[in-house]
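Asks: Once you've had a glance at the structure underneath, I'll fire off some questions.
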Amino acid sequence: MSEDNSITVDVVSDAVCPWCFIGQKRLDKAIAAAGDVEVHVRWRPFQLDPTIPPGGKDRREYMMAKFGSEERIRQMHARIEPLGEAEGIDFAFDAIKVAANTLDAHRLIRWAGAAGEAVQNRLVRRLFQLYFEEGANIGDHAVLIEAAREAGMDAAVVETLLPTDADVEAVRTEIATASRMGITGVPCFLLEGKYAVMGAQDADTLADAIRQVAAAKAKGELEKTG
């Protein structure tokens, strides 16, 4: 496969965003449907609510404060659950007890990226599963260390780094950069650093965008417009 037929997709995402989990599943399908385009995926940080304390908040209380009523929460879950089921996701919203601060999860995802694209992809998938299907607190260091181990990372190194401030500012800077680019919601799929696909679009839409950007890149058109 030639380098000219490859593109990079930066996915701006938060690990506690259900639409991002759906978007990840749809991106997988889109990549499979994109023919012979070689797609490299990089996960970029975003925090839906950076004000959540490091230890997290009681999720029921947090959701009530955010949405105002049990009925609105149920309606939101009822809207998302069938969409998740269609993508093979078994959302278990009632099992989630802690609304987590995701700063440390994003630090871990950053380190996973340094270990390789496959490792980062495995970790991101596992964090989504842990939070949405198993109700785990992904702000808990023990949970993150085990997720790192399962993804193929050096868990001992992760255990040493998590209690420090390593890459805290780097992650915050990336989040600030996304905001300056006009990204106010996630997921956002940024193709070749130039073309943004906002929201959890269906797999066909993502696949079409991948093919179109790959074709433009192969013709040298991205450089002309960049």
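Nothing in this text is a laboratory measurement; each read-out follows from the coordinates by a stated rule. Because the structure is a prediction, the values reported are computed rather than measured. Using ideal geometry, Cβ is built from the backbone for each residue, glycine included, and neighbour counts are taken over all protein chains shown.
Asks: Looking at A166, G135, M64, which one has the Cα that reaches farthest to the positive end of the dipole of the stretch 3-225 (charges on Cβ: Lys, Arg +1; Asp, Glu -1)?
Replies: Farthest along the dipole direction, towards plus: M64.
Asks: Just the C-alpha atoms of the chain: what Rg/Rh do they give, with Rh taken as the Kirkwood radius? Write out the running numbers ahead of the final one.
Replies: Values: Rg = 17.8 Å, Rh = 18.3 Å.
We get a ratio of 0.97 for the chain.
Asks: A further question on this structure: Nearest 20 debye, what's the magnitude of the dipole of the stretch 1-112 about its Cα centre given +1 on Lys and Arg Cβ and -1 on Asp and Glu Cβ?
Replies: Working: 15 positive and 18 negative charges, 94 e Å.
Taking the Cα centre of the stretch 1-112 as origin, the dipole is about 460 debye.
Asks: Tell me which residues come under 5 Å, amide H to amide H, from W43 once H is placed; ignore anything under 5 positions away on its chain.
Replies: Here the answer is V11, since their amide H atoms fall under 5 Å of that of W43.
Asks: Something else: Given charges of +1 on the Cβ of Lys and Arg and -1 on the Cβ of Asp and Glu, with all other atoms neutral, how large is the dipole of the stretch 58-156 about its Cα centre, in debye to the nearest 20?
Replies: Values: 13 positive and 17 negative charges, 63 e Å.
Result for the stretch 58-156 is approximately 300 debye, rounded to the nearest 20.
Asks: Please enumerate, by chain and number, the aspartates and glutamates with C-alpha under 13 Å from the C-alpha of K57, excluding those fewer than 8 residues away in the same chain.
Replies: List returned: D49, D140.
Asks: Something else now. Cα to Cα, under 23 Å, and not fewer than 8 places away if on the same chain: which lysines meet these conditions relative to K29?
Replies: Partners found: K194, K217.
Asks: Right, something else. Rounded to two decimals, what is Rg over Rh for the stretch 143-199 when you use alpha-carbon atoms and the Kirkwood radius?
Replies: Radius of gyration relative to Kirkwood radius: 1.11.
Asks: Taking the highest mean first, how do the peptides 155-165, 194-204, 15-25 order by number of other beta carbon atoms within 10 angstrom per residue? Walk me through the numbers on the way to the answer.
Replies: Working: 155-165: 13.4, 194-204: 16.4, 15-25: 23.2.
Highest-to-lowest ranking by the protection proxy: 15-25, 194-204, 155-165.
Asks: If you count, for each residue, the other Cβ atoms within 10 Å and average over each peptide, how do 63-71, 41-49 line up from highest to lowest? It would help to have the intermediate numbers written out before the result.
Replies: Working: 63-71: 12.3, 41-49: 19.9.
Per-residue mean Cβ counts within 10 Å order the peptides as 41-49, 63-71.
Asks: Which FRET efficiency value, to the nearest 0.05, do you get for D58 and E133 by plugging their Cβ-Cβ distance into 1/(1 + (r/R0)^6) with R0 = 22 Å? Spell out each step's value before the answer.
Replies: Working: r = 20 Å, r/R0 = 0.91.
Calculated transfer efficiency: 0.65.
Asks: List the relative contact order of the chain as a percent without decimals, with contacts defined as Cα pairs under 8 Å and 6+ residues apart. Write down the numbers at each step before the final one.
Replies: Numbers: 339 pairs, mean separation 74.0, N = 226.
Normalised by residue count, the contact order of the chain is 33 percent.
Asks: Right, here's the next one. Calculated FRET efficiency, D4 and T164, Cβ-Cβ r, R0 35 Å, to nearest 0.05? Working shown, then result.
Replies: On the way: r = 42 Å, r/R0 = 1.19.
Given R0 = 35 Å and the Cβ-Cβ separation, E is 0.25.
Asks: Let me ask you something else. Can you give me the convex hull volume of the Cα atoms of the stretch 106-167, divided per residue and expressed in Å³? If you can, show how the numbers build up before the last one.
Replies: Working: hull volume 4.2 nm³, N = 62.
Convex hull of Cα atoms, per residue: 68 Å³.
Asks: With 24 Å as the cut-off, how large is the P(r) tail for the stretch 1-110, expressed as percent of Cα-Cα pairs?
Replies: Working: 2239 of 5995 pairs.
So the pairs more than 24 Å apart make up 37 percent of the total in the stretch 1-110.
Asks: What number results when the radius of gyration of the stretch 73-120, computed over Cα atoms, is divided by 2.2 N^0.38 Å? Intermediate results must be reported in sequence, preceding the final value.
Replies: Details: Rg = 14.8 Å, N = 48, 2.2 N^0.38 = 9.6 Å.
Taking the Cα Rg and dividing by 2.2 N^0.38 Å, one obtains 1.54.
Asks: Sticking with this structure for a sec: With r defined as the distance between the Cβ atoms of Q212 and L48 and R0 fixed at 30 Å, what FRET efficiency is calculated, to the nearest 0.05?
Replies: Numbers: r = 29 Å, r/R0 = 0.98.
E(calc), rounded to 0.05, equals 0.55.
Asks: Assuming 0.36 nm per residue, please report the length gained on full extension of the stretch A65 to D154 beyond their Cα-Cα distance.
Replies: Working: separation 89, 0.36 × 89 = 32.04 nm, distance 3.84 nm.
28.2 nm is the gain from fully extending A65 to D154.
Asks: Next question. I need two numbers for the stretch 186-226: Rg to one decimal and Dmax as a whole number, Cα atoms only, in Å.
Replies: 10.6, 30
Asks: One-quarter of the Cα convex hull surface for the stretch 113-226, in nm²?
Replies: Average of the hull's projected areas for the stretch 113-226 equals 8.9 nm².
Asks: Work out, step by step, the length gained on full extension between A142 and D202: first 0.36 nm times the residue separation, then minus their alpha carbon distance; give nm to one decimal.
Replies: Values: separation 60, 0.36 × 60 = 21.60 nm, distance 3.44 nm.
Full-extension gain reported as 18.2 nm.
Asks: Size of the dipole of the stretch 3-225 about the Cα centre, Lys and Arg at +1 and Asp and Glu at -1 on the beta carbon, nothing else charged, in debye to 20? Show your work: numbers first, answer last.
Replies: Values: 26 positive and 36 negative charges, 97 e Å.
Around 460 debye, computed over the stretch 3-225.
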